[in-house]
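Just below is one structure, and these are the notes that go with it.
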Amino acid sequence: MAIDFEWLRLRLILNLRERVRSGEITERRLARITGVSQPHLHNVLSGKRLLSIEMADQVLHRLDLELVDLLDADQRPREH
């Protein structure tokens, strides 16, 4: 399976939606932590707006996530 930016962006958004849905974090707190306005974040999570590359990088950095964290276990590179 080829992995491209659009796929990774979708995985990041799904990860954020799940964090909010599970109650791990609120949209407001997530917005504060990531530096994204709450209305924009809400629109991204609801699919009304896109998450830019710059904003995706900012979210990953502020949440201490790496791209590999967005992959399923069977998609992750194997360590030797």
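The values are calculated or read from the model by the stated rules, or taken from the named source; none is laboratory data. Fair warning: this is a prediction, and the values are worked out from it, not measured in the lab. Counting neighbours? That spans all protein chains shown, and the Cβs are built from the backbone with ideal geometry, glycine included.
It is to be established whether one or more residues within segment 21-35 are charged (D, E, K, R), surrounded by fewer than 13 Cβ atoms within 10 Å (Cβ to Cβ) and touching a Leu at 6+ places or on another chain (Cβ under 8 Å).
Taking every residue of segment 21-35 in turn, none turns out to be charged (D, E, K, R), surrounded by fewer than 13 Cβ atoms within 10 Å (Cβ to Cβ) and touching a Leu at 6+ places or on another chain (Cβ under 8 Å).
Quick check: anything in segment 47-61 in contact (Cβ under 8 Å) with a residue 24 or more places away in the chain, within 22 Å of D4 (Cα to Cα), of a type outside the set (A, V, I, L, M) and surrounded by 12 or more Cβ atoms within 10 Å (Cβ to Cβ)?
Checked against the condition, which is being in contact (Cβ under 8 Å) with a residue 24 or more places away in the chain, within 22 Å of D4 (Cα to Cα), of a type outside the set (A, V, I, L, M) and surrounded by 12 or more Cβ atoms within 10 Å (Cβ to Cβ), segment 47-61 yields at least one hit.
(1) at pLDDT 95 or above; (2) in contact with a helix residue (DSSP H, G or I) (Cβ under 7 Å, 6 or more places away or on another chain): which one isn't true of Q58, the others all being true?
Unmet for Q58, out of (1) at pLDDT 95 or above; (2) in contact with a helix residue (DSSP H, G or I) (Cβ under 7 Å, 6 or more places away or on another chain): (1).
Would you check which residues across segment 1-46 are under 17 Å from D72 (Cα atoms) and either in contact (Cβ under 8 Å) with a residue 24 or more places away in the chain or among the aromatic types (F, W, Y) (or both) and list them?
Of everything in segment 1-46, those that are under 17 Å from D72 (Cα atoms) and either in contact (Cβ under 8 Å) with a residue 24 or more places away in the chain or among the aromatic types (F, W, Y) (or both) turn out to be M1, I3, F5, W7, L8, R9, R11, L12, I13, N15, L16, R17.
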